[in-house]
Amino acid sequence: MTQSFLSVEGLTQRYPSSEFGELTVFENLDLKIEKGEFVSITGHSGCGKSTILNVLAGLDEANEGVVIMEGREVSGPSLDRGVVFQNYSLLPWLSALRNVTFAVESRHPEWSADQVKEHANYYLNLVGLNDGVEHRKPSQLSGGMRQRVSIARAFATEPKLLLLDEPFGALDALTRGTIQDELLKIWAGTGQTIFMITHDVDEAIYLSDRILLMSNGPYAKIAESVEIEIDRPRSRGSIVEDALYYDIRNHLVQFLTSRSKEFSGPSSESGGHLPKMVRLSENSIIKKKTMAL
């Protein structure tokens, strides 16, 4: 049996709580991600999505369990794991270009200044930041532009795993759609593995290969792993015409509005388990309609 690119085994996170004595965010959580996959995770606030991402990034340490990436245990931050935060996290005293070159220099200290600049400009061009915009400081950029810089910086360091924490949540709908398309183009060209937190089910369907559904906390679980078997490349105009789109969307919304509560609470099982795989196909749609008649 081949080893997954990323394997999360028995992850448990608890925090001291004045109300509960000890708050168990999640317990015995298992997860596997294959190389090159685009996996999204969604669930209600407080279920531990950001905690999971921070553990994967090495920015936080779980009470129990282990994260294995390419056969090695994750321990602390690494340039092999890049993070794009919702709040941009840019250095305000540096230009957009210098924010990216600063990261590239850390990744490739052996490169010349010209190599670093060329590499940084390549990724800034991919997200549509050129013609002098790259020389502006973050305070001179719109929210959408700042997020483009964050994405360019993350991809420019060429991490094996890219972690996105609601990267489009603060953007208007038009800007969000444009940057999502740019993200997909870069991902298609690099083949990197992406793990993204989102509260937007339409965004998750459009971008992802799989969507992980988390139950309500405390004692949250990754209850289901929904495969998005809609052909790539995808476009906003064609995806809504796909027979699977609304069936998948309805399944996600129904889980989040009602079934997520059913999985909450301590598990009677002592060990962790992988989430239930859900594959919605045209056959399953026909089957559901037949059963409803």
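Considering only residues in segment 221-259 that are of a type in the set (G, A, S) and under 18 Å from the mean Cα position of the chain (by Cα), the one that is farthest from T12 (Cα to Cα) turns out to be S225.
Within segment 258-282, being under 18 Å from Y246 (Cα atoms) and modelled with pLDDT under 80 holds for S281, E282. Taken over segment 97-151, the residue count meeting the criterion of being among the charged types (D, E, K, R) and not in a loop (DSSP other than H, G, I, E, B) is 9. Where strands (runs of 3 or more DSSP E) fall wholly inside segment 1-86, the ranges with 2 or more residues that are modelled with pLDDT of 95 or more are 6-17, 21-33, 38-42, 64-69.
With respect to the conditions (1) of a type in the set (A, V, I, L, M, F, W, C); (2) crowded, with 21+ Cβ neighbours inside 10 Å; (3) closer than 12 Å to L11 by Cα, V66 falls short on a single one, namely (2). Somewhere in segment 121-132, is a residue more than 27 Å from Y206 (Cα to Cα), modelled with pLDDT under 95, small (G, A, S) and surrounded by fewer than 19 Cβ atoms within 10 Å (Cβ to Cβ)? Yes, the conditions are met somewhere in segment 121-132.
Could you check segment 160-171 and list, in sequence order, the residues that are surrounded by fewer than 22 Cβ atoms within 10 Å (Cβ to Cβ) and either of a type in the set (A, V, I, L, M, F, W, C) or on the phi < 0 side of the Ramachandran plot (or both)?
Correct list: K160, D165, G169, A170, L171.
Any idea which residue in segment 188-221 is surrounded by the fewest Cβ atoms within 10 Å (Cβ to Cβ), counting only those that are in a helix (DSSP H, G or I) and of a type outside the set (A, V, I, L, M, F, W, C)?
Quick first cut of segment 188-221, residues in a helix (DSSP H, G or I) only: 188-190, 201-207.
Narrowing the set further to residues that are of a type outside the set (A, V, I, L, M, F, W, C) leaves 189-190, 202-203, 206.
Details: G189: 10, T190: 14, D202: 14, E203: 20, Y206: 21.
The qualifying residue surrounded by the fewest Cβ atoms within 10 Å (Cβ to Cβ) is G189.
If you go through segment 49-59 one residue at a time, how many are touching a Leu at 6+ places or on another chain (Cβ under 8 Å) and either more than 10 Å from I197 (Cβ to Cβ) or surrounded by 23 or more Cβ atoms within 10 Å (Cβ to Cβ) (or both)?
Let us first name the residues in segment 49-59 that are touching a Leu at 6+ places or on another chain (Cβ under 8 Å), namely 52-53, 55-57.
Checking the rest, the ones that are also either more than 10 Å from I197 (Cβ to Cβ) or surrounded by 23 or more Cβ atoms within 10 Å (Cβ to Cβ) (or both) come to 52, 55-57.
Residues meeting the conditions: 4.
Selection within segment 133-156: residues that are surrounded by 22 or more Cβ atoms within 10 Å (Cβ to Cβ) and polar (S, T, N, Q). The member of this set that is modelled with the lowest pLDDT is Q147.
Evaluation of S238 against the conditions (1) more than 18 Å from T42 (Cβ to Cβ); (2) outside any helix (DSSP H, G or I); (3) of a type in the set (S, T, Y) shows that the sole unmet condition is (2).
The values are calculated or read from the model by the stated rules, or taken from the named source; none is laboratory data. Here the structure is a predicted model, which means the values were calculated and not measured. Note that we place each Cβ from the backbone using ideal geometry, even for glycine, and neighbour counts take in every protein chain shown.
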